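Novice: My questions will all concern the structure given below.
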Amino acid sequence: MTSPAQVPDPYEDFAERYDLFFGEFGKHDPVQAAFFRVLLAEAGARRILDCACGTGSDVDLLHGMGHEVWGCDISKAMLCQARRNLGGQGVTVPLVRADFRCLPYRGGQFDAVLCLTTSLPHLLNERDVVTALCSMRVVLREEGILVLSQGLTDKLMKQRPRFIPEVNRPAFSRVMVLDYFDTTVRISVLDLFHEADREEFKVDSFEYLVLMPGDYERLLTEAGYSRIECYGSYSSEPYDKEHSDQLIVVAHK
């Protein structure tokens, strides 16, 4: 398998702008926080790996809850941004560059592994997805939990919107442009800066494998997981094909 250092970094130019999705770093969705507080308490989880930690937002959330947190990401640029973000919050946690298909941790090290925000679908074939799921399972303790989340849903794939406005502020706007293919979706992020002294736009594109609940249940079972549950939001309501705007999957080792 190619080492992370040999893989082109698709986030190299986007990492420093990524957090413009969310506004101020360190401000967390209280509904998401409540979801993880309950889920991790029920699982008895203390040692947690965020294996696609990006710019560190979820690492910060979990650290603030009192958990022992590790983070890794294949993108050097995202890890650099995570270190800046977390350092600004006074948070120091182990962050390493790694491919989640071959995680560099010992077996059974973690009580929970998280792979959030449409990270797993960056892998564009099911063979690689199963490889990643198996790698995550290895570093989980017995009865440990895996949590996946994404914005690709049955509702999105049925409605197939071409444009999704994400941010509209006085000086900055972000629009998602979607292209649909047989098994993948390409999402182009169009950032528009419209300040008095800055008028420009930037575009970054990412492709994702389309995985729905039935796919996850099949692939997770193949990778050795059990007790697979699908939610439609961090409010914990069951996933609904017609209405859910998120897909959150929880599976047990």
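Novice: To make sure I understand the rule: partners must be lysines, Cα under 22 Å from the Cα of residue 158, and not fewer than 8 residues away in the same chain. Which ones qualify?
Specialist: Correct list for residue 158: 241.
Novice: Follow-up question, since we're still on this one. Could you give each residue of region 149-158 its phi-based ³J(HN,Hα) in whole Hz, using Karplus coefficients 6.51, -1.76, 1.60 with θ = phi - 60°, and x for Gly or Pro?
Specialist: Those phi angles translate into 8, 7, x, 7, 9, 4, 4, 4, 5, 7 Hz.
Novice: Now for a separate question. What list do you get for 51, 102 if you sort them by fewest beta carbons within 10 Å?
Specialist: Numbers: 51 27, 102 14.
Final ranking by Cβ density, sparse to dense: 102, 51.
Novice: Further, regarding this structure: Under a crude label model (7 Å from the Cα following the beta-carbon direction), how far is residue 96 from residue 203 in nanometres?
Specialist: The two pseudo-label positions are separated by 3.9 nm.
Novice: Going toward the positive end of the dipole of the chain, with +1 on Lys and Arg Cβ and -1 on Asp and Glu Cβ, which of 25, 71, 54 do you reach last?
Specialist: 71
Novice: Using a Förster distance of 22 angstrom, determine the FRET efficiency expected from the C-beta separation of residue 237 and residue 42, and round it to 0.05. All intermediate terms of the calculation are to be shown ahead of the outcome.
Specialist: Working: r = 17 Å, r/R0 = 0.78.
The pair residue 237/residue 42 has a calculated efficiency of 0.80.
Novice: Another question about this same structure. Treating the beta-carbon of each Lys and Arg as +1 and of each Asp and Glu as -1, no other charges, what is the dipole magnitude of the chain about its Cα centre, to the nearest 20 debye? Present the calculation step by step, with values, prior to reporting the outcome.
Specialist: Values: 27 positive and 38 negative charges, 104 e Å.
Charge dipole, the chain, about its Cα centre: 500 debye, nearest 20.
Laboratory data are not the source of any read-out in this text; all were calculated from the coordinates shown. What you see is a predicted model, and the numbers here were worked out from it, not measured in a lab. Cβ sites come from the backbone with ideal geometry, for glycine too, and all protein chains shown count toward neighbours.
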